[in-house]
Amino acid sequence: MSETTPAAEARRELRHPIESITLPFLGSRGDNLQPFQYLLRDVSSSGVGVFLPSWLTNRERLRQGDPVFFHLPFFFGERRILNQGYVTWQRYSEDETGQMVGARLTSGAPLSYPLAISIDDQQIQIDLRRFKSPEALAQRIIHDSVLLKRGILIYLRHLESLFSRVSDLDRVEYGVFREQIIGDVRRRIQDNLAYLEPFDLLASDTPEFETPITDRIDLDEFRAAMEPEINLELFEFALGTETSELYLGSIKTLEHRLYLNYNAYVMIYIQAL
């Protein structure tokens, strides 16, 4: 390598060992994508081990057999990408004050971004051949997340009038539901958009800050803004399970992508530490 060649240009793939990961990722349990935080403990060809300490802000009790989305791309040698599976065992650790969980990975999806956790190398791998820097990749994730939140808001607006026709609620009951439940969800989405949009430099003429985006975004605030605003169980109670699942499916799909985006950003954040 020439002495004048910048290191960032000479190496377009960044790596970070799994054992040094100390920040929680976002997972979800069940078909309704109920969110929870977890720490990644170990990975292997047969599955993953995670830890849910009691100090986490968003905790969930996992049970054997529970379907789980880890929303992390685990990369195997034959180019297989897995990110979801089911709990095979769990136990509570008194010494570490939290739940230890083992899960088998069964299925996955194509990569949204050029980063994954390699099972073979036991490392986070970030491929920067399509991005000039980790900062540029982080900005793309923020930009895409803003678009996803806007998409959820658009879906919700379309569903407001639709629910009045397909639900079993009378006019007065639906008016209360629309104002108190849907209205609250709409306000929360708007609040989360208001938090995210100032960081979306790709969609504005604002020049890039000298300070990296990973230094400007509070990770806990970012997680709260990326989590779902819709409580599926509450909608099921008011509208019925079949109606809720049928018409909220598109929104839950966008929420799934937001989980992936959050974890992708955390991997970049870890690399920047």
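The values are calculated or read from the model by the stated rules, or taken from the named source; none is laboratory data. These numbers come from a predicted model, not from an experiment. As a convention, Cβ positions derive from the backbone with ideal geometry for all residues, glycine included, and neighbour counts pool all protein chains shown. Heavy atoms of the whole protein, side chains included, go into the accessibility calculation; ligands, DNA and RNA do not. Shrake-Rupley method; radii C 1.70, N 1.55, O 1.52, S 1.80 Å.
One table, with the values for the structure above:
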{"quantity": "Cα gyration tensor category, rounded, prolate or oblate, for the chain with a/c compared to 1.5", "calculated": "oblate"}
{"quantity": "When the convex hull of its Cα atoms is projected in every direction, mean area for segment 134-272 (nm²)", "calculated": "8.6"}
{"quantity": "Å² per residue, accessible surface of segment 15-126 at 1.4 Å", "calculated": "47"}
{"quantity": "Sequence of TRP89, TRP55 when ordered by accessible area, the most exposed leading, probe 1.4 angstrom", "calculated": "TRP55, TRP89"}
{"quantity": "Portion, in percent, of the accessible area of segment 134-272 that falls on carbon or sulfur, probe 1.4 Å", "calculated": "48"}
{"quantity": "Largest-first ordering by accessible area, 1.4 Å probe, given options ASP168, ASP121", "calculated": "ASP168, ASP121"}
{"quantity": "Cα→Cβ-extended label distance, 7 Å offset, between LEU202 and GLU242, nm", "calculated": "4.1"}
{"quantity": "Candidate residues ASP120, ASP66: accessible-area rank, largest first, probe 1.4 Å", "calculated": "ASP120, ASP66"}
{"quantity": "C-alpha long axis of helix 183-196 to longest principal axis of the chain, angle in °", "calculated": "20"}
{"quantity": "Accessible area of segment 134-272 divided out per residue, in Å², using a probe of 1.4 angstrom", "calculated": "49"}
{"quantity": "Per-pair calculated FRET efficiency, R0 = 41 Å: VAL172 and SER107 via Cβ, rounded to 0.05", "calculated": "0.40"}
{"quantity": "Within the chain, helix-based [θ] at 222 nm, where runs of 4 or more DSSP H residues each add -39,500 (n - 2.57), nearest 500", "calculated": "-13000 deg cm²/dmol"}
